[in-house]
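Asker: Below you will find the structure I want to go over with you.
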Amino acid sequence: MVMADEEENGVSIQLEFPKGRVKKIMALDKDVKRVSSEALFLVSRSTELFLQFLAEKSAQVAIEKKRKTVNLEHIRVAVKRHQPTRDFLLDELPPPSQAAKPDKPTQPAGRPKLDPAPRGTRCIDQFFRKPEPENTAQAPGQPPENPAQAQSPENPDQDQAQSPVPVDES
Amino acid sequence: MEDSIGGSSSNDNNIIKEQDRLLPIANVGRLMKQILPQNAKISKEAKETMQECVSEFISFVTSEASEKCRKERRKTVNGDDICWALATLGFDDYAEPMRRKSRTKIQEASTNQNDLC
């Protein structure tokens, strides 16, 4: 709603913001009891000027960063560059962590996903296993190629039964 | 003319509605579009942030002006208080044209009174 209000050099100045809403925002301050119509007009007008100033500076930042869309980060930079604005506004802006959307979704809480171990790596639970009986068919000079996989043929499930910690291979 | 501002809220438990705390987003967006280059766009997030910024600006200026009134034991915030607050807070470039406007208004009012007499 555009409101014609004051006259300057015979031309009426159009106020962009509704007076009622500006008055309500001013009334949020408990100390404010009465506001003259002139004060209300000046607050509305200065707010417009402030918005125009901040939009202009944000647009400059967007152009510097070769972006066509003005976003929150551009406003933040514009606020930081102007001392009076920074004094009251910087703390009111949402923190950058909330503003910047991460490219990859973060992992859900829980066990971290580990890379699979390279071939031939021994798991920690091997340390707790009973030593394997020596294979008689094996030549005496040659140790078994992979002791982790050397199972007795008569009881293939022996390893699983004796390992106290379940191994998460994934 | 003075506008009396009461502390009563529409809700019983004094909760302020979101739309009463912020200026209309359509007006904010329209003003921003006027300033930005023709091909530029504004993200929704930027509009909402700007909404918060201008509301904060109003509160900031009003707070400073009302503090001056409180110290001077006055109940009504007037144009000079707003101009003083703007200058104090570092927005001198807004305050000076405003002050000139206020002076012009006072002169016009006194001229009108003389004409009536």
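Asker: At 1.4 Å probe size, with the rest of the protein present, what percent of the exposed accessible area of region A:19-92 is carbon and sulfur atoms?
Answerer: Numbers: 1500 of 3370 Å².
Within region A:19-92, the accessible surface is 45 percent carbon and sulfur.
Asker: Let me ask another. At 0.36 nm per residue, minus the direct Cα-Cα distance, what do B:Gln34 and B:Arg74 gain on full extension? Give it in nm, one decimal, please.
Answerer: Values: separation 40, 0.36 × 40 = 14.40 nm, distance 3.87 nm.
Here the answer is 10.5 nm.
Asker: Under a crude label model (7 Å from the Cα following the beta-carbon direction), how far is B:Lys44 from A:Ile124 in nanometres?
Answerer: 4.7
Asker: Another question, then. Counting pairs on different chains as well as pairs 8 or more places apart, how many Lys pairs in region A:19-92 have Cα atoms under 13 Å apart?
Answerer: On the way: A:Lys23/A:Lys33; A:Lys24/A:Lys33; A:Lys57/A:Lys65; A:Lys57/A:Lys80.
So the count works out to 4.
Asker: Tell me, which residues of region A:47-64 get at least 10 Å² less accessible area when the other protein chains come in, versus the chain alone (1.4 Å probe)?
Answerer: A:Thr47, A:Leu49, A:Phe50, A:Leu51, A:Gln52, A:Phe53, A:Leu54, A:Ala55, A:Glu56, A:Ala59, A:Ile63
Asker: Show me B:77-83, B:42-48 ranked by packing, highest mean number of other Cβ atoms within 10 Å first.
Answerer: Values: B:77-83: 25.3, B:42-48: 16.7.
Packing proxy ranking, top to bottom: B:77-83, B:42-48.
Asker: Interface B/A, total buried accessible area with a 1.4 Å probe, nearest 100 Å²? If you can, show how the numbers build up before the last one.
Answerer: On the way: alone 9850 and 14790 Å², together 19130 Å².
Approximately 5500 Å², summed over both chains.
Asker: Peptide B:21-27: average number of partner chain Cβ atoms within 10 Å per residue? Could the numbers behind the result be given before it?
Answerer: On the way: counts 4, 3, 11, 5, 0, 1, 9.
Shielding by partners across B:21-27 averages 5.
Asker: Kindly report the accessible area of region A:19-92 per residue (heavy atoms of protein chains, probe 1.4 Å, no ligands, DNA or RNA), in Å². Before the final figure, lay out the partial values.
Answerer: On the way: 3370 Å² over 74 residues.
Per residue, region A:19-92 has an accessible area of 45 Å².
The values are calculated or read from the model by the stated rules, or taken from the named source; none is laboratory data. Source: prediction; values computed, not measured. With ideal geometry, Cβ positions are generated from the backbone for all residues, glycine too; neighbour counts draw on all protein chains shown. Remember, those area values only see protein heavy atoms, side chains included, never the ligands or the DNA or RNA. Shrake-Rupley method; radii C 1.70, N 1.55, O 1.52, S 1.80 Å.
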